[in-house]
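Inspection log for the structure reproduced underneath, given as structure tokens.
The values are calculated or read from the model by the stated rules, or taken from the named source; none is laboratory data. This structure is a prediction, so every number in the text was calculated from the model and none was measured. Note that we place each Cβ from the backbone using ideal geometry, even for glycine, and neighbour counts take in every protein chain shown. The accessibility values were calculated without ligands, DNA or RNA, using every heavy atom of the protein model including side chains. Shrake-Rupley method; radii C 1.70, N 1.55, O 1.52, S 1.80 Å.
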Amino acid sequence: MTSPTLQAFSYDPFDPAVMADPLPYYRILRDHHPVYYIDKWDTYALSRFDDVWRVLEINDGTFVASEGTLPAATVLADHNDGPVPDPPLHPMPFHANFDAPIYDTVRRCTSAPLRPRSVSGLADRVRQLAGERLDELLPRGTFDLTQDYGGIVAASMVCELLGLPVELAGEVLGTVNAGSMAQPGSGVEVAKARPGYLEYLVPIIERSRAVPGENPIADNLIAYRLPDGSGFSDVEAATQLLGIFIGGTETVPKIVAHGLWELGSHPDQLAEVRADLEAAVPVAREEMIRYCAPAQWFARTVRKPITLHDTTIRPGQRIITLLASANRDEREYPDPERFIWNRPIERLLAFGRGQHFCLGVHLARLEITVLVTEWLKRVDDWRIDPAAALRPPSSFQWGYNSVPVEV
Ligand code: HEM
């Protein structure tokens, strides 16, 4: 693969070369084009930590996600002539496409089990699931660190949060992984994957309509009324569960596998973490998230003109916030390409910021802490074959889907 050069530089998130390894592109963007215009998509790419940090904190309707936070190329190919209105209320898309008040009120329907106090009550369950996985996997000797360990644990937690039988965890994991595969030129077609996802989610709503009181998230969505007084159909209510279904399943396992791989590749760092697991793992966890978080960018559509670095972005145009570039911005993190378990991390953008800040942040941190701690408690030595690990090209989730490990 040839590296991008400054002379003939161009960046397109759906370019196969970018999808295979975006990091050298991000470096050039940060150094030379902090507000880079992609004519084909009428979209500006923001690559510096500080710019993304400041833009995402703006919550006055300048940016909306009315075209989705992860629009496919087919959406971006349409160039808007002025501000984009909200989508119609029916069929109601994922609530993140709306601004306040719909955005906040629907988000609240699903947020209770993900608040800090509720999540702290889940620690024993995550530990039990991690222990069960290790009981099964360690005698095997070789297995996939992403899918077989963190993958099943994260998907099991999603099943339990949403009221699905935990036996479905393997299927849910496979379904979400398949739906996140990005095609060169077009990105992730989440909408196309939805029928598969909704086969799991619609029955949750149907069951709550028949037997209320068992599932608070589904009950809240069924009781919810839009500003015109209408409620959600089963598919519309199920669609509001997509964020937990997808977000809860796909990111944590990749960070845990890649993070353990990095730690294991630095024996001096591993020894320091092992010396005091309780204190050190939560610190190492933050570096794992910075270094390994797979989501590359999220989009917003501009509704009011905004000027960044002397470039004025007009209503209807879009920005993409390159979070994965921000995570490696040398202006924020000295020597960013190095994994340093205890580097100071004062600010982090891996969970986003502002209005759309990750709903699952507390659960994600808990799961990573427990999965890493239990692994280090029980596994003295492990080997990863870099040539066998898979990091499929992606415009969205560029992470290690498969990390074969030998213990
Ligand atoms: C380390 C793991 C995770 C990372 C790095 C991560 C990252 C993110 C980011 C960057 C966003 C913001 C997207 C935007 O700005 O448009 C987000 C949103 C979201 N995340 Fe996570 N996430 C993680 C784990 C989880 C988990 C475990 C769940 C649920 C159980 C979850 C559920 C969500 C939901 C529902 C949203 C949408 C929020 C909204 O737009 O209102 N995430 N996540």
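Couple of notes before you dig in:
- Selection over region 42-68 of residues that are under 19 Å from residue 22 (Cα atoms) and not in a helix (DSSP H, G or I) gives a count of 6.
- Residue check: residue 134 meets all listed conditions (1) open to solvent by 60 Å² or more (accessible area, probe 1.4 Å); (2) more than 16 Å from the ligand (Cβ to nearest atom) but one, namely (1).
Listed here are the residues, each with its yes/no results for (1) closer than 19 Å to residue 394 by Cβ; (2) buried (at least 20 other Cβ atoms within 10 Å of the Cβ).
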{"residue": "32", "(1), (2)": "no, no"}
{"residue": "38", "(1), (2)": "yes, no"}
{"residue": "41", "(1), (2)": "yes, yes"}
{"residue": "52", "(1), (2)": "no, yes"}
{"residue": "69", "(1), (2)": "yes, no"}
{"residue": "75", "(1), (2)": "yes, no"}
{"residue": "83", "(1), (2)": "no, no"}
{"residue": "87", "(1), (2)": "no, no"}
{"residue": "91", "(1), (2)": "no, no"}
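- Residues in region 211-231 that are surrounded by 23 or more Cβ atoms within 10 Å (Cβ to Cβ) and either away from the ligand (no atom under 16 Å from the Cβ) or closer than 25 Å to residue 130 by Cβ (or both): 217 alone.
- Sole residue being under 30 Å from residue 305 (Cβ atoms) and at pLDDT 95 or above, chosen from 126, 119, 106: 106
- All helices (runs of 4 or more DSSP H) inside region 111-217 with 3 or more residues being among the charged types (D, E, K, R): 123-137, 190-210
- In summary, residue 273 fulfils each of the numbered conditions (1) assigned to a helix (DSSP H, G or I); (2) touching a strand residue (DSSP E or B) at 6+ places or on another chain (Cβ under 8 Å); (3) open to solvent by less than 10 Å² (accessible area, probe 1.4 Å); (4) among the hydrophobic types (A, V, I, L, M, F, W, C) with the single exception of condition (2).
- When region 148-167 is filtered for residues that are within 16 Å of the ligand (Cβ to nearest atom) and open to solvent by 10 Å² or more (accessible area, probe 1.4 Å), the ones remaining, listed by number, are 152, 160, 161, 163, 164, 166.
This table checks each residue for (1) free of Cβ contacts under 8 Å to residues at least 40 places away in the same chain; (2) within 23 Å of residue 102 (Cα to Cα); (3) open to solvent by 20 Å² or more (accessible area, probe 1.4 Å); (4) of a type in the set (Phe, Trp, Tyr).
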| site | (1), (2), (3), (4) |
| --- | --- |
| 290 | no, no, no, no |
| 298 | no, yes, yes, yes |
| 350 | no, no, yes, no |
| 372 | no, no, no, no |
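- All positions within region 232-251 that are open to solvent by 10 Å² or more (accessible area, probe 1.4 Å) and within 11 Å of the chain's Cα centre (by Cα): 243, 244, 246, 247, 248, 251
- Here residue 47 meets the list (1) touching a residue at least 24 places away in the same chain (Cβ under 8 Å); (2) surrounded by fewer than 20 Cβ atoms within 10 Å (Cβ to Cβ) almost entirely, failing just condition (2).
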